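Structure first, commentary second.
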Amino acid sequence: MSLQFITGSCGSGKSYKLYADVIRESLDHPRRHYIVIVPEQASLQIQHTLVDLHPRHALMQIEVLSFNRLAYRVFEKLNIAAPKILDDTGKSMILRKSAGRRKKDLAVFGSSLSRSGFIGELKSVLSEFRQYGVEPDKVDLTGAGELLQAKFRDLSVVFQAFQEAMEKDYVTAEELLQVLCRHIDRAEFLRDSIVVLDEFTGFTPVQYQLVESLLRLAAQVRVSVTIDPALPESSLFYMSREMKRKLEDLAMRQDIPVDREIRLSGLPKRYEKAPELFYLGRSLGMPGAGYEGSCQAVRISSAPGADGEVRFALREILRLVRSEGYRYREIAVIAGDLSRYSGPIVHYFGRAGLPYFIDQKKSLLGHPLVDMLRCLLEAIQQNFTYDSMFRLLKNVLIGLDVEEISLLENYVLETGVRGAGRWQEEWAYRGKRLSREELEQVNATRQRAVELIFPLCSALKEEKEQTVSQRLFLLRRFLEETGAEQRIEALRRQLEAEGDLEREKEYAQSYDKVMELFGQFETLMGNERMTLQVFSEILEAGFSEIQVGLIPAALDRLVVGDLRRTRLGGIRALFVLGCNEGCMPPREMRGGLLSDLEREFLKEQGVELAPTGRESSLQQQFYLYLMLGRPSEHLFLSCSQADGAGRGSMQAGFLKQLKKNFAIPDSVGQENCFTVPADGLDDLAAGFSDAVRGDASLQWKALYQWFSGQKEFAEAVEQLQRASSCVFRPESLPANVVLRLYGDVPVSSITSLEQFAGCPYSHFLQAGLKLLPRMQYQLEAVDLGNIFHASLEEFFVNMRRAGLDWKELDEKQRTFLVDQSVSAVAERYGNTILRSSARNAYLEGRLRRVADETVWALQEQLKCGSFIPGGSELSFRPEDRLPGLSFVLDGGMRMELQGRIDRVDLAFDGDRIYVKIIDYKSGMTGFEPARIYHGLQLQLMVYLQAAVEMVKRKYPDKEVVPAGVFYYRIQDPVIEATGHEDEKQLREAVLKELRMDGLANSDPRVLDMLDHTPGKNSRVISRLERREDGTASTRSRAAGRKQLELLRGYAVDKVKELGSHMAAGEIPASPYELAGRMPCEYCPYGAVCGFDRQLEGCRPRKLPAIGLEELWNILERKGGDRDGAVDQGTTENY
């Protein structure tokens, strides 16, 4: 019995010495057992190494084992039934159940049990305590803070509940070695054996206990320890010194001699081609350590981001393989943050056809099978909300058609279908856009979904508490009925055919992994009764732990990994990506349930746990040292100039140190070379914009010439060329397309033509292609406006039906009618959306208040003048054949107008009838002369034309005179008050804010009819002042009868002009810009039109701002000639 250490720096040949001695001695002593114990992830690689080194290429009596595999080997030899291991999945499920039952006893952790990731943190602490032999209820916490004491009380409760919930036949993975320690002394095959411990950087307490047993049994235990003889006291080797000291203490306690230490020094043979790599690691432990010779084997480069680093690595890998005869398995890539670099690696390495393997376990949380089961349980518990239901229905394993699901989703979004009851009944409401045939299709899809999902829903909810076995049986039956296993197999075969072997292996394991989880869940808790919520939470904890380990698909492949997990051997070239501060070595983000300060306190109390933050930092530095010593010929180090969020990122400290001590310059100019055509296409595309400006580099020209000469890239080059020389040009539709879109006689609304004036392309998408935004079951600003309009219309109808007069209406009657009107609209608007939630019910109350205030204001305004309502929501249609609303457009096509006027008021004066137009607006729309002039605000003037003609038709013996056109803004104004005002003054202030905005007839007689109350400023119309003689002041928005006629004629001509452009098929994406405003700000088609100011010719139409006086001057200069009233400047760029 003895202990022997083999020490040396990284790469000094410790492992080779150990293995060579073991092979030589095994040949000399064929009856002796040789046990090589290594970390689990290194066992396969070490077996290959020993087989390659052995002259017979066989292990014979040499065994390569990990500690866990040694346990099973002992159990097998002693004929002991191996305990069932409770893996991380089982631990998470039991913890979730046991901690949930003791939630009231958990003062600190109780409120966090449902927080995402908390059970994982609790499991980590459980594993750590068991690994280090810590029992929370036996830890002396004298002098500890109240929080730490409370945490340990909670941990004691959880651990006790966990132990009670575990089946007696199960042990955790951490307890397996404790079981081994109880039986190992009876393992005769270990007596007089040679035991080798290699590749370890330290041991846990239970592993030290096991090593102590091996020291008693084995003839000799040999341990490799990484310590550079030139730097024995460096903090870099803190872990190695600690391991060596503890092993010596174990030997001393057992009176086991420690043999002479074997120290390896000097330059190993593997570094003959690149001796600088042997000395490289010393600079990490000794800041001044360097290398006097040339340093050709190490290259340091930087790139703008992760993509640039990966592209540089790809080019160098291909160069090594093509020019220097490397095999892919002799090359490895290590990333500081594998989650950040794995995406670019998959993209660029895959595109170049490199055989690679990413050494990481993959979670199945995002797999379609797990996602389907999670969504299914979520949908049942949430009573089939929109999000949960459509996450489920869109799952590829459900098997519903994508088009059918999209139509169903649009319907549900528009109508607000929620709850199991609504899903199971026939849907009759068609919404605003659905045809009868489409509704039938929607119901058919709904029925298939119901038949698939709702039987399981009913079965799971049949009893409040069912056993776990019952619920798992129902889930298994659901998977069988949906054919999930067959669909997964079909997807696996598809991935295999596409060459995506990594995902193919993931899909090959997924169904079995889920079934294993179900089996473990049933074994542990099968007979326990629990609610669906508790069942789902425990199952979710299990799902979060399922991971699949992938095996490399080929022998000759390069390995991609991280600093801590990946074990490399026999590599000639190593690429280390992400050498930035905090990434390489990675900063330990411990957090968790115990802070570093609490861990330091526990360490002072003699409680050994996992390393603290400072110790972890030393560990990571040591792992970096080990990794840098792996390659024998080339080491490539790269860093990013910016992190994933675009923020500046500093080089890692060790990188600066290496450049200083080894005189290694930064590599430059690598971004402009390429080794695969796909990379070259990226560079070609990036340089086209410079080429268009005449700034192309010689290298880019050579690249362009090469690609232009390759037939397989001809189409790609042509597309790039077209894209780079793209000039934004106006487009037009052929006449036959215009006819199919708009018909022989287009019927248009004024709003649609105003949209055309704002941007013809937007009009084409909406009015021509009928491309409409997806409707949703929610109240938006436009809905509030529609509800106000409908409520006012309902109010007028109800008032007429009751035979009431506007001016005689009292407050009680008004309030009753308003409530009645708003209730009626709320009941039928948008599939009762106002009754769908408490928020919307509150909005309904606000709508009542604003509607009541609006009716009151309109009533007061009518009382101030001589006008009476002549009609509300008056429609005009082509069949009415009103003069001035039917046009023969340029080119011969006829266009008809239709619309609906919110309100027309009339005043009778002898043989004359005065007409006033009011349009309700819930937004900020006001009367703007410039917008009328440019065709953006024609509604009021065209409505005036229609109203005048309708009144003429009704009163043919009367002269009809325009009195004005006005906008009434429906709003709930906020009044500034001092607090001393009485109610009458406050009401007057509100009425002032609610005055109409527009253009009035300046005839004093008309002004008096509009508002005959005394005072300079009108109580009815804003921006209307009257002099003492009754005429309008120069600051007023007022116009003579001739001016109103000119403006009305101009609007009609403008309609004809816009219609002619539309009929000509003009559809340029040509938005206007007026006073800093553009329609693009609120246009829903921004993602479709491609309007981009960076493109040549892509500019908005800058429209001049003009005032009312300037507008009159323009119209009067035309002399009233309606054919010439349109200024040519307003039609440019259509």
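The values are calculated or read from the model by the stated rules, or taken from the named source; none is laboratory data. For clarity, every value in this text was computed on a predicted model and none was experimentally measured. As a convention, Cβ positions derive from the backbone with ideal geometry for all residues, glycine included, and neighbour counts pool all protein chains shown.
If a residue must be part of a helix (DSSP H, G or I) and more than 22 Å from Ser302 (Cα to Cα), how many such residues does the stretch 608-656 contain? Total meeting the criteria: 11. The number of residues in the stretch 241-282 that are without any contact (Cβ under 8 Å) to a residue 24 or more places away in the chain and surrounded by 18 or more Cβ atoms within 10 Å (Cβ to Cβ) comes to 1.
Determine whether Glu199 is more than 30 Å from Pro83 (Cβ to Cβ) and buried (at least 18 other Cβ atoms within 10 Å of the Cβ).
No.
Out of the residues in the stretch 954-997 meeting the condition of being of a type in the set (S, T, N, Q) and free of Cβ contacts under 8 Å to residues at least 24 places away in the same chain, tell me which one is surrounded by the fewest Cβ atoms within 10 Å (Cβ to Cβ).
If we take residues in the stretch 954-997 being of a type in the set (S, T, N, Q) and free of Cβ contacts under 8 Å to residues at least 24 places away in the same chain, then Thr978 is surrounded by the fewest Cβ atoms within 10 Å (Cβ to Cβ).
Conditions (1) more than 41 Å from the chain's Cα centre (by Cα); (2) more than 30 Å from Ile23 (Cα to Cα); (3) not aromatic (Phe, Trp, Tyr), marked per residue:
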| position | (1), (2), (3) |
| --- | --- |
| Ile94 | no, yes, yes |
| Gly110 | no, yes, yes |
| Leu113 | no, yes, yes |
| Glu135 | yes, yes, yes |
| Phe162 | no, yes, no |
| Leu177 | yes, no, yes |
| His183 | yes, no, yes |
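Among the residues of the stretch 420-438, those that are more than 33 Å from the chain's Cα centre (by Cα) and farther than 30 Å from Leu460 by Cα comprise Tyr429, Ser435, Arg436, Glu437. Among the residues of the stretch 449-463, the one identified as in contact with a helix residue (DSSP H, G or I) (Cβ under 8 Å, 6 or more places away or on another chain) and not hydrophobic (A, V, I, L, M, F, W, C) is Lys461.
Only one of Ser823, Ser875, Ser866 is part of a loop (DSSP other than H, G, I, E, B) and farther than 25 Å from Val974 by Cα; which?
The unique qualifying residue is Ser866.
Exactly one residue among Leu771, Leu720, Leu765 is surrounded by 15 or more Cβ atoms within 10 Å (Cβ to Cβ), at pLDDT below 90 and within 38 Å of the chain's Cα centre (by Cα), and that residue is Leu720. Kindly evaluate Ser791 against the criterion of being over 33 Å from the mean Cα position of the chain (by Cα) and in a helix (DSSP H, G or I). When the stated conditions are applied, Ser791 passes them. Against the definition (at pLDDT 90 or above and of a type in the set (S, T, N, Q)), how does Gln470 come out, yes or no? Answer is yes for this residue. Out of Glu1073, Glu1081, Glu1066, Glu1057, one residue alone is more than 20 Å from Leu897 (Cβ to Cβ) and either in contact (Cβ under 8 Å) with a residue 24 or more places away in the chain or of a type in the set (S, T, N, Q) (or both). It is Glu1073.
Inside the stretch 972-1003, residues that are farther than 12 Å from Glu860 by Cβ, part of a helix (DSSP H, G or I) and of a type in the set (A, V, I, L, M, F, W, C) make up a count of 2.
Of the helices (runs of 4 or more DSSP H) contained entirely in the stretch 35-143, those carrying at least 3 residues that are surrounded by fewer than 18 Cβ atoms within 10 Å (Cβ to Cβ) fall at 43-53, 67-77, 118-131.
Exactly one condition in (1) at pLDDT below 85; (2) in a helix (DSSP H, G or I) is not met by Ala150; state its number. Evaluating Ala150 over (1) at pLDDT below 85; (2) in a helix (DSSP H, G or I) leaves (1) as the failure. Taken over the stretch 178-196, the criterion of being farther than 15 Å from Val74 by Cβ and surrounded by fewer than 16 Cβ atoms within 10 Å (Cβ to Cβ) is satisfied by Asp192 alone.
Identification of strands (runs of 3 or more DSSP E) wholly contained in the stretch 258-350 with 3 or more residues that are farther than 29 Å from Ala230 by Cα and small (Gly, Ala, Ser) yields 298-303.
I'd like the full set of residues that are of a type in the set (Val, Ile, Thr) and not in a helix (DSSP H, G or I), limited to the stretch 526-545.
Across the stretch 526-545, the qualifying residue is only Thr531.
All but one of (1) closer than 15 Å to Ser193 by Cα; (2) touching a strand residue (DSSP E or B) at 6+ places or on another chain (Cβ under 7 Å) hold for Ser15; which doesn't? The one condition Ser15 does not meet is (1). Considered as a group, the residues in the stretch 372-430 that are in a loop (DSSP other than H, G, I, E, B) and among the hydrophobic types (A, V, I, L, M, F, W, C) include one that is surrounded by the most Cβ atoms within 10 Å (Cβ to Cβ), and that residue is Phe384.
Of the residues making up the stretch 697-717, those that are under 36 Å from the mean Cα position of the chain (by Cα) and closer than 12 Å to Leu684 by Cα are Phe713, Ala716, Val717. Residue count for the stretch 1004-1041 under the criterion of being among the small types (Gly, Ala, Ser) and part of a strand (DSSP E or B): the result is 3. Given the structure, is Glu164 at pLDDT below 90, surrounded by fewer than 19 Cβ atoms within 10 Å (Cβ to Cβ), of a type outside the set (Lys, Arg) and out of contact with any Cys (no Cβ under 7 Å at 6 or more places or on another chain)? When the stated conditions are applied, Glu164 passes them. Scanning the stretch 217-237 for residues that are within 46 Å of the chain's Cα centre (by Cα) and surrounded by fewer than 17 Cβ atoms within 10 Å (Cβ to Cβ) yields a single hit, Ser235.
Looking across the stretch 485-499 at every residue that is surrounded by 15 or more Cβ atoms within 10 Å (Cβ to Cβ) and among the acidic types (Asp, Glu), the one that is farthest from Ser544 (Cα to Cα) is identified as Glu496.
Within the stretch 788-798, being of a type outside the set (Phe, Trp, Tyr) and in contact with a helix residue (DSSP H, G or I) (Cβ under 6 Å, 6 or more places away or on another chain) holds for Ala790, Ser791, Glu794, Asn798.
Given the residues Val310, Val321, Val333, which is the only one that is free of Cβ contacts under 8 Å to residues at least 40 places away in the same chain and in the same structural domain as Met584 (by TED's automatic domain parsing)?
Checking each option against the conditions leaves just Val321.
Within the stretch 1-29, being part of a loop (DSSP other than H, G, I, E, B) and at pLDDT 90 or above holds for Ser2, His29.
Being farther than 15 Å from Ile538 by Cα, surrounded by 15 or more Cβ atoms within 10 Å (Cβ to Cβ), in contact (Cβ under 8 Å) with a residue 12 or more places away in the chain and outside the structural domain of Arg96 (by TED's automatic domain parsing) is a condition met by no residue of the stretch 462-473. Taking first residues from the stretch 217-235 that are assigned to a strand (DSSP E or B) and partners that are of a type in the set (Asp, Glu), the Cβ contacts under 6 Å between residues at least 6 apart in sequence or on separate chains come to Ser224/Asp198.
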